[in-house]
Amino acid sequence: MRVAKRIAALTGEGAFEIAEAARKLEAAGRHIVHLELGQPDFPTPPQIVEAGVRALRDGHVRYAPPAGLPTLRAAVADHVRGRGASTAPGNVVVTPGGKSAIFSTLLALIEEGTEVLLPDIGFSAYEAVTRFAGGVPRFYQLDPARAFSLSAEEIEAACTPRTRVLVLNHPHNPTGSALRHDELERVAELAQKRDLVVVSDEIYAGLQYDGRFASIQGLSGMAERTAIVDGFSKSYAMTGWRLGYAVLPAWMVDPVVRIATNSFSCTATFVQHAGIAALTGSQQCVTDMRSEYAARARLVTDSLNAIPGLSCTAPRGAIYAFPNVRRLLDRTGGTAAQLAHDLLHDQGVACLAGTAFGAAGENHLRISFANSRENVALGIERIKQLAAAIPAAAA
Ligand code: PLP
């Protein structure tokens, strides 16, 4: 007996794997500092919890329409208009998490042999789902010398006549980079010139520290060729609720709804009520969490840069730092994965090797600062101790 070959395309996700290894060490009595998962340490804001509980008590426990509750679809449309997107409730499909929006959207776009432009370094699900759907990844690089920004010219050079889809993610996991308006404009021009559909992963939109995130979907000519994928996990501290959405051009709505109908039927109805409360209530909770992440980003960048052998670009959004550890690895002669392994097993710090996000992540670690300042400081202190214990290279 055997399973379908395409299952091999569905890789694991580094963060969940390290979290599991960390849990096993904790069960054996070790103290672990968790800097692996992109999971906000804040509780879900109380007014959102209250709306979810109230929805359960009020009996919102039956199927919802596959595309989502009309009120939530309208709230999402309003919400993304705030980042410059031009859309209507009928363009929104509600999903159980941002990941499900990525999965359904890519599945609807990719044919056997379709080439999909993906960031290397990037979120691992993009490549897994692309391969699963029969597509072929074409990787574009993010330039560490330019704060991990992309180059539209380089993306264009990776295009062939079979390239149909470009996956964009900013603020970016794992580097924290955010694209400037002129960079977005160049990508939009390229998408129109090469007839690409852009899948814009905007899950960290609410966590761009300057509070001025703009969607590529809102640029001239882009609404018809952009699928926004997003979710509530990060900005509203709702990872376990499983709530996300896609904002689609009209021609993609029915195909994605059919995928929804045949895979999950609908997103949990009471959870959607919590989502309505999240989007229509005061956004002060998002502002507060964003300011705290921005403060942590500064602390983390400064303290990582103070460790000999490490250098870290300041993130402009999201909840991660992505320090370069090449000078440490020169001394160990090992890989980033080995360093992450040693950090977990010797120092009790769970973080990820940059290679969990693609080959170009070698020589880097990803440190999530979705943990208290005290815990993050403790984790970085332990990284410093490990770095200090590595003998200087013979040279
Ligand atoms: N996109 C990116 C870039 C992410 O980092 C994540 C989670 O880590 C997701 C999407 C998916 O989040 P969720 O499925 O919890 O909404």
If I go through segment 6-16 residue by residue, how many of them are at pLDDT 90 or above and either under 12 Å from L352 (Cα atoms) or open to solvent by 90 Å² or more (accessible area, probe 1.4 Å) (or both)?
1
Among the residues of segment 369-390, write down those that are under 16 Å from L339 (Cα atoms) and polar (S, T, N, Q).
Q385
Hey, P66 away from the ligand (no atom under 16 Å from the Cβ), in contact with a Lys or Arg (Cβ under 9 Å, 6 or more places away or on another chain), open to solvent by less than 70 Å² (accessible area, probe 1.4 Å) and assigned by TED's automatic domain parsing to the domain that holds T261 or not:
yes
Somewhere in segment 238-251, is a residue free of Cβ contacts under 8 Å to residues at least 60 places away in the same chain, within 11 Å of the ligand (Cβ to nearest atom) and under 14 Å from the mean Cα position of the chain (by Cα)?
no
Do we have I203 as within 11 Å of the ligand (Cβ to nearest atom), within 19 Å of the chain's Cα centre (by Cα) and buried (at least 21 other Cβ atoms within 10 Å of the Cβ) here?
yes
Can you report the number of residues in segment 73-123 which are open to solvent by 10 Å² or more (accessible area, probe 1.4 Å), assigned to a loop (DSSP other than H, G, I, E, B), within 24 Å of L150 (Cα to Cα) and within 12 Å of the ligand (Cβ to nearest atom)?
1
Of everything in segment 207-237 that's within 11 Å of the ligand (Cβ to nearest atom) and surrounded by 24 or more Cβ atoms within 10 Å (Cβ to Cβ), which residue is farthest from V165 (Cα to Cα)?
Y236
Complete set of residues in segment 1-53 that are within 16 Å of the ligand (Cβ to nearest atom) and assigned to a strand (DSSP E or B)
H34
The residue that is most open to solvent (accessible area, probe 1.4 Å), considering only those in segment 141-194 that are among the basic types (K, R) and closer than 19 Å to Q217 by Cβ, is K193
Based on what the data block shows, is V61 out of contact with any Lys or Arg (no Cβ under 8 Å at 6 or more places or on another chain) and either small (G, A, S) or closer than 22 Å to W251 by Cβ (or both)?
no
Could you check E154 against (1) out of contact with any helix residue (DSSP H, G or I) (no Cβ under 9 Å at 6 or more places or on another chain); (2) away from the ligand (no atom under 16 Å from the Cβ); (3) modelled with pLDDT of 95 or more and say which number it fails?
(3)
If we keep only residues of segment 136-189 that are among the β-branched types (V, I, T) and assigned to a loop (DSSP other than H, G, I, E, B), then the residue nearest to R366 (Cα to Cα) is T175
Selection from segment 346-366 of residues that are closer than 12 Å to I18 by Cβ and not in a helix (DSSP H, G or I)
V349, A350, C351, L352, A353, L365, R366
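The values are calculated or read from the model by the stated rules, or taken from the named source; none is laboratory data. These numbers were taken from a predicted model, which means no experiment stands behind them. Glycine gets a Cβ as well: all are built from the backbone with ideal geometry, and neighbour counts include every protein chain shown. Surface areas here come from the heavy atoms of the whole protein model, side chains and all, with no ligands, DNA or RNA. Shrake-Rupley method; radii C 1.70, N 1.55, O 1.52, S 1.80 Å.
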